[in-house]
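The values are calculated or read from the model by the stated rules, or taken from the named source; none is laboratory data. Just so it is clear, the model here is predicted, and its values are computed rather than measured. Note that each Cβ is placed from the backbone with ideal geometry, even for glycine, and that neighbours are counted across all protein chains shown. For accessibility, only protein heavy atoms count, side chains too; no ligands or nucleic acids. Shrake-Rupley method; radii C 1.70, N 1.55, O 1.52, S 1.80 Å.
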Amino acid sequence: MDDGSFHVSYGWPLTPMRVCETVMKTLQPDILIVGAGIAGAAVAAGLRRRGYSVVHLEASTQPLDTARGDHLGPRVVETLAEWDILDAFFAAGAEKRLGAKWLTPEGDVIMHSSMDDLPIPHPYYVVLNHDLIAITALDLAINESNYDYTLFRPVAARDIATGADVHGGVSEVNITTPEGEAVCIKPRMTIACDGRSSKIRAACDFQIVHSYDYEKPFVVLFGPRGELQDPRNEINSYMSPNGSVGRIPRMGGQWKIGMAINKEDIGRWRATTSEERKALLGERAPALGEMETEVAGFYPVIRRETDRWTQGTTVLLGDACHTIHPARGQGMNFGIRCAARLFEFLPEPSEMTDSALVAKRLADYEAAVKPLTDAQLIENHERGLHMDSTGPERIRAEIPMLRAIAADPEVNFRYRMTMAGYPDRLDPT
Ligand SMILES: Cc1cc2nc3c(=O)[nH]c(=O)nc-3n(C[C@H](O)[C@H](O)[C@H](O)COP(=O)(O)OP(=O)(O)OC[C@H]3O[C@@H](n4cnc5c(N)ncnc54)[C@H](O)[C@@H]3O)c2cc1C
């Protein structure tokens, strides 16, 4: 898949027709997916047995950055099982994570949040490296027999037209395939999964209504593979007055450290030796002061949320409509959860030629799902602001709050169900 150029075609004929003075081949798929990050790859795999014809564009030949999100929450795991993807993730090396702990910098437990005793179908997180999530999902789409699926890679959607016939959505995308062939794509519906700088978002004139550049960037450090000896694979969050630090399991007994740092310290962190990183980590949490690490990446953190998610027959998904602070590990999870809801609203494949119906169903999806997600995005932003404001006062406020959640079984249950992605199932009876 990473051989530089990639074009898989299953199925329908390319029809010559005249577009904009040029003789081009035309594709008229039921659904055009733009972008094959986590959201786009999951959508491609999730649609593979639903009878739609699908064209998929991905601009890059590179695998996704492995240091980004790699924990899929229980609600998303339920979706993956329904889409018959979960077994492929385990075959690719995915592991279960059964909970999380909040600790003092010295390692004393403040709160333990377990998942495995919750009354839900899959009471665990799935841990799979970021790049493997997308590769595994795309492989399922590519290898599904009878799936009318074409992936063009590397091909960026750039020449994008919108039109009244699709109610202001994407009417045409003109591309040149890796083989040099000019193709005009006239989708009946478009799912834009093209990330934080979405071109589809710009073409359809969606507006960014919430924009915030967080003060502190994130650094991710990797530990050695095979070192983590925790059968529960739990996240350890050390609540340090110098800034909280997460020790997060990855596949294969590896772990990573994720934490917010000062912008002006990026150069210093970049130049550190392993011994210097031990000292810096030790300043935050003595319990981590002996850990060997390598620097995996630095991430400026932003919030960008759009006014709407849909325009006629076009819908935004994932970071294209909500780029968020990674404080709660929800960006990728939101993308897949929204895709699952979106599928509930899609017209049947035989109805996809009715653009008014497609537009109406997308509007219905937005009306049903966006308000709930917006509320969660506000909470996520508050959490992001919280992480931006390191200091003893913040920790003084946070530790008693965590202890209170730990002490009250009902509050604890509600907290864990919400973290698992089930804020709608809080009644313990
Ligand atoms: C440090 C860090 C840690 C994180 N941790 C977590 C976590 O634990 N849990 C979690 O849920 N989330 C986490 N996130 C957030 C998560 O990684 C993102 O929300 C998620 O990966 C976004 O996926 P996406 O598919 O919407 O966008 P992207 O991953 O940005 O994918 C967009 C894709 O579209 C392609 N593309 C762009 N433009 C075009 C075009 N014009 N034509 C064709 N293709 C195009 C790009 O090449 C790319 O492949 C984290 C983020 C960071 C930075």
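Just one of the listed residues (G11, G73, G69, G4) is within 13 Å of the ligand (Cβ to nearest atom) and either modelled with pLDDT under 95 or loosely packed, with under 15 Cβ neighbours inside 10 Å (or both), and it is G69.
Residues of segment 165-223 that are more than 13 Å from the ligand (Cβ to nearest atom) and free of Cβ contacts under 8 Å to residues at least 12 places away in the same chain: G180 alone.
With a requirement of 3 or more residues that are surrounded by 21 or more Cβ atoms within 10 Å (Cβ to Cβ), the strands (runs of 3 or more DSSP E) lying completely within segment 251-321 that satisfy it span 255-260, 314-316. Scanning segment 52-66 for residues that are within 10 Å of the ligand (Cβ to nearest atom) and not in a loop (DSSP other than H, G, I, E, B), we see that the one that is surrounded by the fewest Cβ atoms within 10 Å (Cβ to Cβ) is L57.
For segment 29-39, filtered to residues that are closer than 15 Å to I185 by Cβ and out of contact with any Leu (no Cβ under 6 Å at 6 or more places or on another chain), the residue that is farthest from the ligand (Cβ to nearest atom) is D30. Would you call T26 at pLDDT 95 or above, part of a strand (DSSP E or B) and either open to solvent by less than 60 Å² (accessible area, probe 1.4 Å) or within 13 Å of the ligand (Cβ to nearest atom) (or both)? Taking the combined requirement at face value, the residue satisfies it. In segment 140-160, the residues that are open to solvent by 30 Å² or more (accessible area, probe 1.4 Å) and charged (D, E, K, R) reach residues that are near the ligand (Cβ under 8 Å from one of its atoms) and in a helix (DSSP H, G or I) with C-beta atoms within less than 9 angstrom, at least six apart or across chains, in these pairs: R158/K199.
When D165 is tested against the conditions (1) surrounded by fewer than 22 Cβ atoms within 10 Å (Cβ to Cβ); (2) in the same structural domain as V220 (by TED's automatic domain parsing); (3) not polar (S, T, N, Q), the lone failure is (2).
Taken together, the residues in segment 68-85 that are outside any helix (DSSP H, G or I) and out of contact with any helix residue (DSSP H, G or I) (no Cβ under 7 Å at 6 or more places or on another chain) amount to 2. Check segment 227-248 and report whether any residue there is outside any loop (DSSP other than H, G, I, E, B) and out of contact with any strand residue (DSSP E or B) (no Cβ under 7 Å at 6 or more places or on another chain). No, every residue in segment 227-248 fails to be outside any loop (DSSP other than H, G, I, E, B) and out of contact with any strand residue (DSSP E or B) (no Cβ under 7 Å at 6 or more places or on another chain).
Just one of the numbered conditions (1) in a strand (DSSP E or B); (2) open to solvent by 30 Å² or more (accessible area, probe 1.4 Å); (3) away from the ligand (no atom under 16 Å from the Cβ) is not true of I110: (2). Filtering R341, R337 for residues that are touching a helix residue (DSSP H, G or I) at 6+ places or on another chain (Cβ under 7 Å), within 10 Å of the ligand (Cβ to nearest atom), open to solvent by 20 Å² or more (accessible area, probe 1.4 Å) and assigned to a helix (DSSP H, G or I) leaves a single hit, R337. Looking at this structure, is T306 within 16 Å of the ligand (Cβ to nearest atom) and among the hydroxyl-bearing types (S, T, Y)? In short, yes. Evaluating L362 against the criteria (1) buried (at least 22 other Cβ atoms within 10 Å of the Cβ); (2) more than 16 Å from the ligand (Cβ to nearest atom); (3) more than 27 Å from P74 (Cα to Cα) leaves one unmet condition, (3). For first residues located in segment 275-299 and hydrophobic (A, V, I, L, M, F, W, C), partners that are in a helix (DSSP H, G or I) and open to solvent by 30 Å² or more (accessible area, probe 1.4 Å) and lie 6+ apart or on another chain with Cβ distances below 6 Å form the pairs F298/I266.
One residue stands out in segment 269-303 among those that are closer than 20 Å to A67 by Cα and among the charged types (D, E, K, R): the one that is nearest to the ligand (Cβ to nearest atom), namely R303. For A156, the test of being modelled with pLDDT of 95 or more, within 25 Å of H322 (Cβ to Cβ) and either hydroxyl-bearing (S, T, Y) or assigned to a helix (DSSP H, G or I) (or both) is failed.
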